[in-house]
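Undergrad: Here it is, the structure, as structure tokens.
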Amino acid sequence: MTTFVLVHGAWHGGWCWDRVAPLLRAAGHEVHAPTLTGLSERAHLVSPLVGLETHVQDVLGLVDVLGLTDVVLVGHSYAGQVVSAVADRRPQAVAHRVYLDAFVGADGESARDLLPATVEHHWAESAAAQGFGWLVPVRRLSVLGVTEQADLDWLEPRLTPHPWRTYTDPLRLTGAADAVPATFVECVSWMRVFAGQADRARARGWPVHELATGHEAMVTAPAELARVLADVAARPVPEVV
């Protein structure tokens, strides 16, 4: 039916979609959830050289090698930057972009630029003090709206520090991605760091869905998220004029 490529955010790996992917597959969809270079089971590849372009190439490689087409490309959090870049370079392969509580960047903007000032300061300070200047330590999950102990027990051992360069590298876009339809999903039951990004999506005329859960929706509200993604996949693609 539909091919989903689910791209995780900072500190995570492809495994974070393990509660959503089976629901999509049970509905007949094909699902890929790559782990980005330097994270999780690929943490042995982390270095100060890992940047946004590294992660864009991770996803481009998946799309190109497997010959994927009509892809619904989903990016969580930081991965909004990755989704934008991949759709810009492979607009013919991407049918829809979904930004799950994610950055909606313009050409030349870095993820760091898009963070609220207080969050940006905390991240930069953490990288400098605890991450050798180039790694962002894992943030407390309670700040992200994760409260159930079972969820904490599942997430915490799997999370790894994130390369800070991916947040400071500017997004490079040609405008080709503008032809690819997009949807924003905001998680509203936490401190709503991405509320400004949801506003950007509305200003661009994108549909915006609200999920009553914390930032880690793929963990804390997998069924609800899977329904939203399936609904996005079922919509006819509008003509671009």
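Undergrad: Could you pull out the residue among Arg192, Arg165, Arg204 that is touching a residue at least 40 places away in the same chain (Cβ under 8 Å), open to solvent by 40 Å² or more (accessible area, probe 1.4 Å) and farther than 18 Å from Ala95 by Cβ?
TA: Exactly one of Arg192, Arg165, Arg204 is touching a residue at least 40 places away in the same chain (Cβ under 8 Å), open to solvent by 40 Å² or more (accessible area, probe 1.4 Å) and farther than 18 Å from Ala95 by Cβ, namely Arg165.
Undergrad: Under 6 Å by Cβ, and 6 or more places apart or on different chains, what pairs join a residue from the range 106-134 that is open to solvent by less than 80 Å² (accessible area, probe 1.4 Å) with one that is modelled with pLDDT of 95 or more and of a type in the set (Ser, Thr, Tyr)?
TA: From the range 106-134, the pairs are Ser110/Thr168; Ala111/Tyr78; Ala111/Tyr167.
Undergrad: Output the residue which, of all residues in the range 138-159 that are within 23 Å of Ala128 (Cα to Cα) and in a loop (DSSP other than H, G, I, E, B), is least open to solvent (accessible area, probe 1.4 Å).
TA: Leu159
Undergrad: Out of Val56, Val50, Val63, I need the residue that is assigned to a helix (DSSP H, G or I) and over 15 Å from the mean Cα position of the chain (by Cα). Which one?
TA: Selected residue: Val63, the only one of Val56, Val50, Val63 that is assigned to a helix (DSSP H, G or I) and over 15 Å from the mean Cα position of the chain (by Cα).
Undergrad: Let me ask something additional. Looking only at the range 1-49, count how many residues are of a type in the set (A, V, I, L, M), closer than 19 Å to Pro222 by Cβ and either in contact with a Pro (Cβ under 6 Å, 6 or more places away or on another chain) or open to solvent by less than 20 Å² (accessible area, probe 1.4 Å) (or both).
TA: Result for the range 1-49: 7.
Undergrad: With respect to Thr213, determine if the residue is under 17 Å from Leu73 (Cβ atoms), hydroxyl-bearing (Ser, Thr, Tyr), outside any helix (DSSP H, G or I) and modelled with pLDDT of 95 or more.
TA: Details: under 17 Å from Leu73 (Cβ atoms): no; hydroxyl-bearing (Ser, Thr, Tyr): yes; outside any helix (DSSP H, G or I): yes; modelled with pLDDT of 95 or more: yes.
Spelling it out, it is not the case that Thr213 is under 17 Å from Leu73 (Cβ atoms), hydroxyl-bearing (Ser, Thr, Tyr), outside any helix (DSSP H, G or I) and modelled with pLDDT of 95 or more.
The values are calculated or read from the model by the stated rules, or taken from the named source; none is laboratory data. Here the structure is a predicted model, which is why all the values come from computation and not from measurement. Because the Cβ atoms are built from the backbone with ideal geometry, glycine has one as well, and the counts that use them run over all protein chains shown. When the accessible area is computed, the model is the full protein with side chains, heavy atoms only, and any ligands, DNA or RNA have been set aside. Shrake-Rupley method; radii C 1.70, N 1.55, O 1.52, S 1.80 Å.
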